[in-house]
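Asks: Take this structure first; my questions come after.
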Amino acid sequence: MEEREAEIYAELRDAGEVCRALGIEALPFRLPERTESSPGGSGGRDEALVRLRSEIGDCRRCKLSAGRRNIVFGEGRADARLMFIGEGPGKDEDIQGRPFVGEAGALLTKLIEKMHFGDKNLMRTDVYIANIVKCRPPMNRDPEEDEIASCRGFIERQIEIIRPEMIVTLGRIALQTLLRRPDIRITAARGNFFEYEGIPVMPTFHPAYLLRNPKDKWLTWSDAQKVMGRLAGHE
Ligand code: URA
């Protein structure tokens, strides 16, 4: 089995190199440079994500599979300190197979790039970004309970593998699902730290909400500042 995993890993690695040669930079995971001293790059987390992705396969576990073009697994550093979790892919994400690449994604990227720890500015590639459900709900409706139930194991495994120091949930669905608190309100929760499996969770507004309500952007910026403060050990 280990041998087969190594083969799969090598195949994915080759595919990654072909993609990069074609100018496709963003893969749903970051493959480490293997060296003698660090055989797994980021402690085997990249390989674990690859294994999880192959376990998901051509998923038909829920009805969202019928209308999707691509499964949007997630992307970023397997050893990210900070993880952002959204609700589910929209149209652009479904087409590209990558999370937060549409208009809301552009706003999220802007937020990430404004964030810094000490004098180091964050880049989108420093964090990990994923969603609660991996397939686009039709007409961008909220994912339904059975769809979330079929998919939630995957985001839980992604968190377990990445072990981020902090999670930012984007919007109501990600917050309620992760904390298993269907009654919690985003307006009351945002700006306050919660916990998931020992990891601090900062809920904030979904970027799509902020596009509709730009006057609330400063609230999300203040939530981001709390995250930066805690990651820098100042809070
Ligand atoms: N909204 C989400 O919740 N996730 C995405 O990936 C894009 C838009």
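The values are calculated or read from the model by the stated rules, or taken from the named source; none is laboratory data. Bear in mind the structure is a predicted one, so any value in this text is a computation, not a measurement. Quick reminder, even Gly has a Cβ in these numbers, built from the backbone with ideal geometry, and neighbours come from all protein chains shown.
Asks: Please determine whether any residue of the range 209-220 is among the acidic types (D, E), at pLDDT 95 or above and over 20 Å from R77 (Cα atoms). Walk me through how you get there before you give the answer.
Replies: Kept after step one, since they are among the acidic types (D, E), are these residues of the range 209-220: 216.
Those still in the list that are at pLDDT 95 or above too: 216.
In the following step, the residues that additionally are over 20 Å from R77 (Cα atoms) were identified as 216.
Yes, the conditions are met somewhere in the range 209-220.
Asks: Look through the range 140-181, keep the residues that are away from the ligand (no atom under 16 Å from the Cβ) and outside any helix (DSSP H, G or I), and return whichever of them is farthest from the chain's Cα centre (by Cα).
Replies: Here the answer is R181.
Asks: Out of R98, R124, R77, I need the residue that is of a type outside the set (A, V, I, L, M), crowded, with 18+ Cβ neighbours inside 10 Å, within 22 Å of V168 (Cβ to Cβ) and more than 16 Å from the ligand (Cβ to nearest atom). Which one?
Replies: Values: R98 fails: more than 16 Å from the ligand (Cβ to nearest atom); R124 fails: more than 16 Å from the ligand (Cβ to nearest atom).
Just a single option satisfies the conditions, and that option is R77.
Asks: It is to be established whether one or more residues within the range 112-119 are within 13 Å of the ligand (Cβ to nearest atom) and closer than 18 Å to T204 by Cα. Working first, answer last.
Replies: Residues of the range 112-119 that are within 13 Å of the ligand (Cβ to nearest atom), as a first pass: none.
Checked against the condition, which is being within 13 Å of the ligand (Cβ to nearest atom) and closer than 18 Å to T204 by Cα, the range 112-119 yields no hits at all.
Asks: In addition: Residue check, F193 against (1) of a type outside the set (G, A, S); (2) closer than 22 Å to C59 by Cα; (3) touching a strand residue (DSSP E or B) at 6+ places or on another chain (Cβ under 8 Å), all met but one. Which one?
Replies: For F193, the exception is condition (2).
Asks: Can you name the residue in the range 182-232 that is of a type in the set (D, E, K, R) and surrounded by fewer than 14 Cβ atoms within 10 Å (Cβ to Cβ) and, of all such residues, is farthest from the chain's Cα centre (by Cα)? Give the steps one after another, and end with the answer.
Replies: Here is the first cut: in the range 182-232, the ones of a type in the set (D, E, K, R) are 183, 185, 190, 195, 197, 212, 215-217, 223, 226, 230.
Then drop every residue that is not surrounded by fewer than 14 Cβ atoms within 10 Å (Cβ to Cβ), which leaves 183, 185, 195, 197, 212, 215.
Numbers: D183: 23, R185: 21, E195: 17, E197: 17, R212: 22, K215: 26 Å.
Checking each candidate, the answer is K215.
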